[in-house]
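The values are calculated or read from the model by the stated rules, or taken from the named source; none is laboratory data. From a predicted model like this one, the values you see are computed outputs, not experimental measurements. Here Cβ is always computed from backbone atoms with ideal geometry, including for glycine, and neighbour counts include all displayed protein chains. Each accessible area value is taken on the protein alone, full model and side chains, heavy atoms only, with ligands, DNA and RNA left out. Shrake-Rupley method; radii C 1.70, N 1.55, O 1.52, S 1.80 Å.
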Amino acid sequence: MKDKLTSLEWKWIIYDIGNSAFILLCTTIIPIYFNSISSSAGVKESTYLTSWSYATSIATIIVAVLGPILGTLADYKDQKKKYFFTSALLGALGLACFWIPGNWKIFLVLYVFAKVFYSLSLVFYDSMLNDVTTDARMDNVSSIGYALGYIGSCVPFIISLVLVLMGPSFGLSTFHAMIIAFVLNALWWICFTIPIAKSYQQKSYIKKQEHVVTQTFSRLYHSLKNAKKDKKIFLFLLAFFFYIDGVYTIIDVSTAYGTSLGLDTTGLLLALLMTQIVAFPASLIFGKLSKKVDSAKLIKVAILAYFCIAAFAIQLDQQWEFWLLAFAVGCFQGGIQSLSRSYFAKIIPDASSGEYFGLFDVCGKGASFLGTFLIGFVTQVTGHQNLGVAAISVLFLVGYFIFSKVAKMD
């Protein structure tokens, strides 16, 4: 009975099922769709990858700026739910409108809009973890969230994939199939947002004061100072900045990278579907292992595994190699994300979880501009996509070295 999830924990967990549909599309079908728009406009393959990488970098830089500020505002009484639901709603609305732009540059603007609000919704969602469960259950609850997110997002993805690949055979054009896919995934996202948005009550909060804007920036400034003073929090955020940057870069550009190398797009999509399926049991295994093995040790294992994945990707040029890479990512993706989230939640003050998770997101999704920028820049300068990937492996080494110092403080 100790391991039985509460109703509130379940409602929090299933938001991962909803939002994961968007990020799965962003790493599979959407880059291919964007490639078709840009190719029809005469854009080169190398320019396509560079543009996609830069757009992702812009989205993450915006989140890096807004995340801590809005996260701090959300810590005031009864505000977190409002910020969370508004962000999720705007992100889903942007996704539902992806089919509208015919111009590839306008499409990128809409993509940045949707990705910004997706990422902001996670700032508030992650910070809810302190209110929906206890420290002892955090690792398991966080891992189950990622696990169900991976397997649950496969449902709208498979439907979308069937529509896109087989639609023409029963009279449905690719364009109309994409309209249905975008709207379907947006509705899926919203449906799994409503339960936690209705039931969540903000237990830990900061009392609102007269000069809200001034106080918000003051609190954010003090949080940055406190994070720097608290060596464990500071070093964790620094380590997280590097290793999770590599993780999110691999997630963001995997399909775009494979497409730019000329690999079969259907094979790429099926390989990434396999990643989701493998990630489901792998995430649960990491959650179970965290009860017996120190979560810091598990995070270190996952970082090293990702270093090997990035090193292997440098020479990737065959379809079977992409499948092997996708399988390896599935084994460690959920574990490194879920355990990092719960590890951080345990070392920060509950009442300031929003502002601290704002910083967490800066060092996470907000920091992934570095990897995507490096890939885009190196590819643009050299004309070789593989060289851009080489920089990612270094990020994991730096992250591992710093996190090893954090682990010694436990």
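Suppose we filter Y76, Y83, Y48, Y33 for residues that are modelled with pLDDT under 80 and surrounded by 19 or more Cβ atoms within 10 Å (Cβ to Cβ); which single one remains?
Numbers: Y76 fails: modelled with pLDDT under 80; Y83 fails: modelled with pLDDT under 80; Y33 fails: modelled with pLDDT under 80.
Within the list Y76, Y83, Y48, Y33, the selection yields Y48.
For S121, which of the numbered conditions (1) modelled with pLDDT of 90 or more; (2) over 19 Å from F280 (Cα atoms); (3) open to solvent by 10 Å² or more (accessible area, probe 1.4 Å) fails to hold?
(3)
Do you know which residues across the range 327-339 are surrounded by 24 or more Cβ atoms within 10 Å (Cβ to Cβ) and over 18 Å from F360 (Cα atoms)?
Matches in the range 327-339: V329, F332.
Of the residues that sit in the range 90-105 and are at pLDDT below 90 and assigned to a helix (DSSP H, G or I), which one is least open to solvent (accessible area, probe 1.4 Å)?
The residue in question is W104.
Being at pLDDT below 90 and open to solvent by less than 30 Å² (accessible area, probe 1.4 Å) is the filter here, so list the residues in the range 171-188 that pass it.
A177, M178
Return only the number of the condition from (1) surrounded by fewer than 17 Cβ atoms within 10 Å (Cβ to Cβ); (2) without any contact (Cβ under 8 Å) to a residue 40 or more places away in the chain; (3) closer than 20 Å to T27 by Cα; (4) not small (G, A, S) that P168 does not satisfy.
(3)
I'd like to check which helices (runs of 4 or more DSSP H) are fully inside the range 120-203 and have at least 2 residues that are closer than 27 Å to L70 by Cα and over 20 Å from the mean Cα position of the chain (by Cα). Before the answer, list the steps.
Numbers: elements: 129-132, 138-152, 154-166, 174-191, 194-199.
Ranges flagged: 129-132, 194-199.
Of all residues in the range 389-410 being under 21 Å from the mean Cα position of the chain (by Cα) and modelled with pLDDT under 75, which is surrounded by the fewest Cβ atoms within 10 Å (Cβ to Cβ)?
Among residues in the range 389-410 that are under 21 Å from the mean Cα position of the chain (by Cα) and modelled with pLDDT under 75, the one surrounded by the fewest Cβ atoms within 10 Å (Cβ to Cβ) is A391.
Considering every residue within the range 136-150, establish whether at least one is open to solvent by 10 Å² or more (accessible area, probe 1.4 Å) and among the polar types (S, T, N, Q). If you could, list the steps in order and put the result at the bottom.
Just the residues of the range 136-150 that are open to solvent by 10 Å² or more (accessible area, probe 1.4 Å), to begin with: 136-137, 139-140, 144, 146, 148, 150.
Subsequent filtering for residues that are among the polar types (S, T, N, Q) retains 140.
Looking through the range 136-150, at least one residue is open to solvent by 10 Å² or more (accessible area, probe 1.4 Å) and among the polar types (S, T, N, Q).
So L284 clears everything in (1) outside any helix (DSSP H, G or I); (2) buried (at least 18 other Cβ atoms within 10 Å of the Cβ) except one condition, right? Which one?
(1)
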